[in-house]
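S.K.: Structure incoming, see below.
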Amino acid sequence: MSQLPRASLGRVLDDLGATLLELVHGDPLSTEPIAGIAIHDPYDEPHLPTPALVLGVGLREPAEIAALLRALGPQGAAGLIVRGPVPLGDELRLAAEESGVALLALTRGASWAQLAALLRSMLSQGDVGDVGPEMLGGLPSGDLFALANAVAALVDAPVTIEDPDSRVLAFSGRQEEADESRVETILGRQVPERFARILSRAGVLRDLHRSADPVFVAPPPTAPGEFSVPRVAVAVRAGDEFLGSIWAAVHEPLTPDRSRAFSDAAKLVALHMLRLRAGADVERRLRTELVGTALEGGTGAREALARLGLADQPLIVLALAPAAPDGAEDRSGPAAARQRLADALAMHLSAVHAGSAVALLGDVTYGLLPVTTSERAARVATEFLDRVGDRVPALIGVSPPVASAATPLTSRPATSPAGTSSPRAGSTASSGAFSAPRTGSVTSLAEARASADRALRVLRSGCGLRVAQLSDVYTRAMVLELRDVLAARGDTPTGPLARLIAYDAEHNANLVETLAAWLDAFGDAVAAAAALHVHPNTFRYRLRRLAEVGGLDLTDPDARFGAMLQLRVFLI
């Protein structure tokens with residue numbers, strides 16, 4: 001069982017080596033504890049936590065691997081992982097020695113996504129306010145990999161710890177002693193469907209759910225070449241709740257002593273799994289409070305940012321919400337769907353920048369992204385929405401960069417329950433209503449949040465965009481905010497527009513539609529007629545008629561502007 005520091009490169013190799021990773025060059029014991037992981041992108045240089053474990057996806061040629069090793073050395077990277085097999089030779093060995101960056105190879109057939117998930121789990125990336133591991137049963141609380149190695153030592157067999165859906169949460173060393181089905185399970189982090197069906201037909205899963213004792217599983221005759229080593233499985237429970245199971249690849253049934261030890265180990269695994277679940281809930285609540293405090297500004301912002309690891313860094317605020325029309329019923333959808341969307345954004349941003357922070361506040365998810373330009377943040381947001389796809393339609397407002405993220409702010413913009421800026425009657429420019437969009441940077445996270453909220457509100461009103469900065473949609477934002485002010489006062493259309501609306505209602509006419517089309521076409525009657533699919537002469541007649549009914553002088557610029565403004569605010 002590994003006794004190395006939890007986040008060291010040596011610990012990663014100790015737990016994942018021989019199954020997923022192989023050390024090619026370098027000394028894993030010479031590095032500091034790993035701060036996080038990053039994915040190498042040749043077209044965009046990511047910010048690396050120090051020290052980082054870098055995933056070199058797509059790297060194959062020795063020259064490009066050696067060049068990346070030398071580039072990562074000054075950045076303090078701990079290791080570079082590339083797809084195996086890695087070409088032998090002095091070029092890579094010298095590059096690893098000169099840079100001080102270890103070179104590791106990922107086993108063929110293993111998924112980069114699965115490796116990233118395992119590494120994040122092992123390194124506990126993103127812990128907030130961690131003050132050292134709590135111990136349970138002599139092992140760090142929630143460290144399922146160390147626990148898997150301990151159980152393997154008790155039963156003298158390689159083991160996996162799986163959740164109720166047969167997904168692999170952790171595994172021990174010595175997996176090479178098992179069979180092909182175990183290797184496939186480890187590489188896929190999931191029991192293959194064909195083996196799950198075999199176990200289900202044999203009643204193994206039923207017995208596992210019902211029994212408190214270990215269940216012996218003989219190799220099925222239908223898969224002799226793949227499933228050749230027997231298994232012993234025991235359920236992991238907390239009271240009546242089935243948390244998962246432990247599977248050991250054995251060559252014969254366990255002795256009574258080892259069987260009791262296996263059952264006792266399941267109780268300890270249950271404590272660790274419950275601690276992991278509780279810890280995740282506590283960490284999520286703590287992160288939400290810290291992000292909320294940082295966005296509020298004031299005296300607590302700097303301390304909150306420091307605990308998030310974002311103090312004294314340039315930041316951009318992302319405001320994410322489901323793509324429901326503004327004012328529609330159930331705008332944000334079920335709470336669970338919003339949380340899944342927030343979790344997905346957190347995972348995406350952590351791949352872009354390990355120091356990012358995400359929290360769901362109300363029905364809006366806010367992300368603090370430590371980058372310097374809104375354009376890059378908008379690209380990150382667009383990439384996230386592309387990956388999420390149409391299954392969960394969502395929209396993202398992007399703020400300007402924050403020049404000084406922890407600058408105190410005595411008053412922050414008023415927000416609606418949905419988290420979007422909502423001006424009040426008599427509010428000043430400090431509330432965000434009608435204030436000019438920032439094209440450069442802003443001075444506080446509260447200002448940045450207000451800017452992102454205003455952009456998001458326009459997106460949710462149905463402007464046809466998915467990602468926008470306030471400067472992109474500023475006119476629409478002003479119209480929405482003016483609509484709020486007029487609605488709060490109870491104002492309604494007046495003058496020519498009010499007369500046209502009344503006439504249309506009484507005579508089932510379409511003079512208001514005609515006026516809107518003519519204004520949108522800059523007075524081009526032919527283009528406006530085509531937009532309404534009527535003959536130009538018919539359109540001209542309606543235009544003369546609306547001028548008479550509404551008492552509207554279409555040659556007066558002020559009259560045209562007043563009509564267009566009222567149309568935008570009250571009707572469009």
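S.K.: Rank the residues 288, 365 as a footprinting-exposure proxy: fewest other Cβ atoms within 10 Å of their Cβ go first.
M.R.: Sorted ascending by nearby Cβ count, the order is 288, 365.
S.K.: On the first, second and third principal axes, largest extent first, how far apart are the outermost C-alpha atoms of the stretch 495-571 in Å?
M.R.: That works out to 28, 28, 20 Å along the principal axes.
S.K.: Is the shape of the stretch 48-115 best called rounded, prolate or oblate, per the rule: a/c under 1.5 gives rounded, else a/b larger than b/c gives prolate, else oblate, with a ≥ b ≥ c the square roots of the Cα gyration tensor eigenvalues?
M.R.: Taking the square roots of the gyration eigenvalues as a ≥ b ≥ c, the stretch 48-115 is oblate.
S.K.: While we're on this one: Can you tell me what percent of all Cα-Cα pairs in the stretch 9-126 are more than 17 Å apart?
M.R.: Every Cα pair in the stretch 9-126 considered, those over 17 Å come to 49 percent.
S.K.: Read phi for every residue in the stretch 83-89 and hand back ³J(HN,Hα) as whole Hz from Karplus 6.51 cos²θ - 1.76 cosθ + 1.60, θ = phi - 60°, with x for Gly and Pro.
M.R.: Residue by residue, the stretch 83-89 yields 6, x, x, 8, x, 7, x Hz.
S.K.: While we're looking at this one, here's another question. How large is Rg/Rh for the stretch 136-277, to two decimals, with Cα atoms and a Kirkwood Rh? Intermediate values should be presented prior to the final figure.
M.R.: Numbers: Rg = 13.8 Å, Rh = 14.9 Å.
Checking Rg against Rh, the ratio lands at 0.93.
S.K.: In whole percent, what relative contact order does the stretch 436-572 give with Cα contacts below 8 Å and a gap of six or more residues?
M.R.: 21 percent
S.K.: Ranked highest first by average number of other Cβ atoms within 10 Å, how do 171-183, 86-98 line up?
M.R.: Most protected by this proxy first, the peptides run 171-183, 86-98.
S.K.: Which length gain, in nm to one decimal place, applies between residue 242 and residue 97 when the Cα-Cα distance is subtracted from 0.36 nm times their residue separation? Let's see the in-between values first.
M.R.: On the way: separation 145, 0.36 × 145 = 52.20 nm, distance 4.87 nm.
Contour length minus Cα-Cα distance gives 47.3 nm.
S.K.: Work out, step by step, the length gained on full extension between residue 558 and residue 312: first 0.36 nm times the residue separation, then minus their alpha carbon distance; give nm to one decimal.
M.R.: Gain on extension, residue 558 to residue 312, equals 83.6 nm.
S.K.: I need 570, 522 ordered by Cβ neighbour count within 10 Å, fewest first.
M.R.: With the sparsest Cβ surroundings first, the list reads 522, 570.
S.K.: Sort 99-108, 462-471 by the packing proxy (mean of other Cβ within 10 Å over each peptide's residues), most packed first.
M.R.: Going by the mean number of other Cβ atoms within 10 Å, highest first, we get 99-108, 462-471.
S.K.: Here's another thing I want to ask about it. Using a 10 Å cut-off on Cβ atoms, rank the peptides 34-43, 550-559 from the highest mean neighbour count down.
M.R.: Per-residue Cβ counts within 10 Å, averaged per peptide and sorted highest first, yield 34-43, 550-559.
S.K.: Using a Förster distance of 25 angstrom, determine the FRET efficiency expected from the C-beta separation of residue 513 and residue 466, and round it to 0.05.
M.R.: Efficiency at R0 = 25 Å is approximately 0.30.
S.K.: With 10 angstrom as the radius, rank 166, 399 by how many other C-beta atoms surround their C-beta, starting from the fewest.
M.R.: Taking fewest neighbouring Cβ atoms as first place, the list is 166, 399.
S.K.: ³J(HN,Hα) across the stretch 442-454 via Karplus (A = 6.51, B = -1.76, C = 1.60, θ = phi - 60°), whole Hz, x for Gly/Pro?
M.R.: 10, 9, 8, 5, 5, 5, 5, 4, 4, 5, 5, 5, 5
S.K.: Could you give the semi-axes, largest first, of the ellipsoid that matches the stretch 429-571, computed as the square roots of 5 times the alpha carbon gyration tensor eigenvalues and rounded to whole Å?
M.R.: Semi-axes from the Cα gyration tensor: 35, 17, 13 Å.
None of the figures in this text is laboratory data; all of them are computed from the coordinates on show. As the structure is a prediction and not an experimental result, all values here were calculated from the model. So basically every Cβ, Gly included, is an ideal-geometry build from the backbone, and we count neighbours across all protein chains shown.
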